[in-house]
1. If I model a spin label at ALA40 and GLU142 as a point 7 Å from the Cα along the Cα→Cβ vector, what separation in nanometres do I get?
2. For PRO135, what is the net charge nearby, where nearby means another residue's Cβ is under 15 Å from its Cβ and Lys, Arg count +1, Asp, Glu -1?
3. Report the calculated FRET efficiency for ASP58 and ALA122 (r = Cβ-Cβ distance, R0 = 22 Å), to the nearest 0.05.
4. Within a Cβ distance under 11 Å of HIS90, other residues only, what is the Lys/Arg minus Asp/Glu net charge?
Amino acid sequence: MKALTRVSWVAVLALVLLAGIGCSKKSSETSPFDDGGDPAVRAAAQQISSGIVYFDFDKFDIKPEYRDMLRQKADLMKRYTQIRVRIEGHCDARGTQEYNLALGERRARAAYDYMAMLGVNASQMELLSFGKERPAVTGSGEAVWSKNRRDEFRVISGR
C-alpha cells in the first residue's frame, strides 16, 4: 500500500512539474507584442527585430559590418521610447553549457553597450543568454556553427 502511495505521489508531482514547464514556456514565447495599435510603432518594432549580429568563434566584439544596423535599431529606439527590446545572445554547440551561457551573455552585452553608447536608454533593453540551447541551424561544421553564434533582438513591449 505504501509503495502504491509513493508511486502515486511521484506521478502527480511529475505531472505538475511537466505542466508548469509547458505553461511557462508557452506564456513567455507566445505573448503578443502590444504596439497600442500604432502602425509606426509596429513598423519600427519589426525593423528592430529584423537583422542578426553574427560573431566569430569564441568572440563577442561587434564587427564593423554590423554597426550601421545597430545604429538604425538605436535610432528607432530613441525615436520610439516605448519600445523595449530583449537582446538574446547565442553560441554554437562547442564548449560547456556554463562557458556558452557566459559567452552568450557577453555577446548580448556587447550589443547592449554599443546601443547604450549610441543613446538608447538602458531601461529599453534587457539581456538574455541562451548559450547553445537554441541553435538557429542544427548540425555540425563551420557553416552551421557560424549561423548559431549570434545576437537576436526581440521586441518585448511597445507601450
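1. Rounded to a tenth, the inter-label distance reads 4.7 nm.
2. Charge balance near PRO135 sits at +1.
3. 0.20
4. So the surrounding residues net to 0.
No lab work stands behind these numbers, since they all come straight from the coordinates. These numbers were taken from a predicted model, which means no experiment stands behind them. So basically every Cβ, Gly included, is an ideal-geometry build from the backbone, and we count neighbours across all protein chains shown.
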